[in-house]
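This report concerns only the one structure given below.
What follows draws every value from the coordinates through simple rules; no lab data is involved. Since we're looking at a predicted model, the values are computed, not measured. Don't worry about glycine lacking a Cβ; one is built from the backbone with ideal geometry, like all the others, and counts go over all protein chains shown.
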Amino acid sequence: MSEGKYNIKAVSTLTGIQPGTLRAWERRYHILEPVRNEAGHRLYTDKHICKLKWLSEKVQQGFTISQAAALLDQHETEPGYTVSEDVNNQKALSEQLLQALLRFDEVKAQELINKAFALYTIDSVTVNILGSLLVHIGKLWEDGEITTAHEHFATSILRSRIGMVMHSFPHNGVLPKVVAVCGPGEWHELGLLIFTLFVRRLGYEVVYLGASLKEGDIFTVTETVKPKFLFFSCTLRENLVPTLALANELSKTYSEMEIGIGGSAMSGLLPDGAERYIVGNTQAEWNRWMSSRL
């Protein structure tokens, strides 16, 4: 690693990330290992700055910091990868795709998506381009900058392509089944899609249910599928208590089934009993959680 030359105040100025936030990210997600000078003060390198800018950008796009850290962890396992490379090209392609979607030009949109898959890894396209656009389009709609027709058209195409990728991975018949669903009241699927993509890459057969189901439906699915794992995604804090209540009820009914809850609502101070459902924030943590329960 190159020599550290930026103190934490300089890093905060360069990246816009407050020192307290930066320390919390380091402690919780282990995304950086700053060097120390003789006085014991943290010193950061240019590579650290690049990582932090990338993470900050993902957070601004709508990702939680845990999701962004998981993506960073994933990318750094790719041979020859550096955080800064291809970012500008991906941004340009993503903007072209957005404009095609807002023109209702499906042919051009599909052409650009195919181009992205030809240039970048599957994970990079599904998360950095398609997933990020899903978040961005949702925000544009919420802010009244695009119509409901634009939102429905764009979302349909993006979800369809992400779904095609997820279902293209062969599953290992020896591995148990997994059910993935948003918790009660939850409609934000991005984190669930990322987790499901990861699990599918491991060879698990995943029944992806997406946004919040009607009360009682999850019991019907569970009774039919008989999964080994049931994963809930919960991003909004106000939905955590009902999600935990449903997890507790399912746990009592299906004692052999392992239940996990992910998402930004599972951080910070948690209600009593919530710890048993924590699956973690990174791929390594997800893998350990599942492996320890097989």
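A cut-off under 12 angstrom between Cβ atoms defines the neighbours of V179, and their net charge, with Lys, Arg +1 and Asp, Glu -1, is -1.
For the chain, the mean residue ellipticity at 222 nm estimated from helices alone is -16500 deg cm²/dmol, where every DSSP H run of n ≥ 4 contributes -39500 (n - 2.57) and the total is divided by all residues, rounded to the nearest 500. Checking the Cα-Cα distances for K139/K214; K5/K51; K91/K115 against a 23 Å cut-off, the pairs over it are K139/K214. Over segment 8-61, Cα pairs under 8 Å with separation of 6+ residues give a relative contact order of 34 percent. Neighbours of K53 by Cβ distance under 12 Å: Lys/Arg scored +1, Asp/Glu scored -1, total +1. Assuming a ≥ b ≥ c are the square roots of the Cα gyration tensor eigenvalues, decide whether the chain counts as rounded (a/c under 1.5), prolate (otherwise, with a/b larger than b/c) or oblate. Oblate. A straight Cα-to-Cα reach below 18 Å connects K228 with the lysines K177, K252, residues fewer than 8 places away in its own chain not being considered.
If both residues of a DSSP beta bridge must be in the chain, then about 15% of such bridges are antiparallel. Exposed loop sites are taken as GluC sites (Glu not before Pro) in a DSSP loop (any state but H, G, I, E or B) with at most 14 other beta carbon atoms within 10 Å; the longest stretch of the chain without one runs 146-214. Taking a ≥ b ≥ c as the square roots of the eigenvalues of the alpha-carbon gyration tensor, segment 177-291 is classed rounded because a/c is under 1.5.
Which distance in nm do the two modelled labels at E57 and S251 give, with both placed 7 Å along the Cα-to-Cβ direction? According to this spin-label approximation, the distance is 4.0 nm.
Give me the net charge for the shell around L230: Cβ to Cβ below 14 angstrom, other residues only, Lys and Arg +1, Asp and Glu -1. Here the charged neighbours net out to 0.
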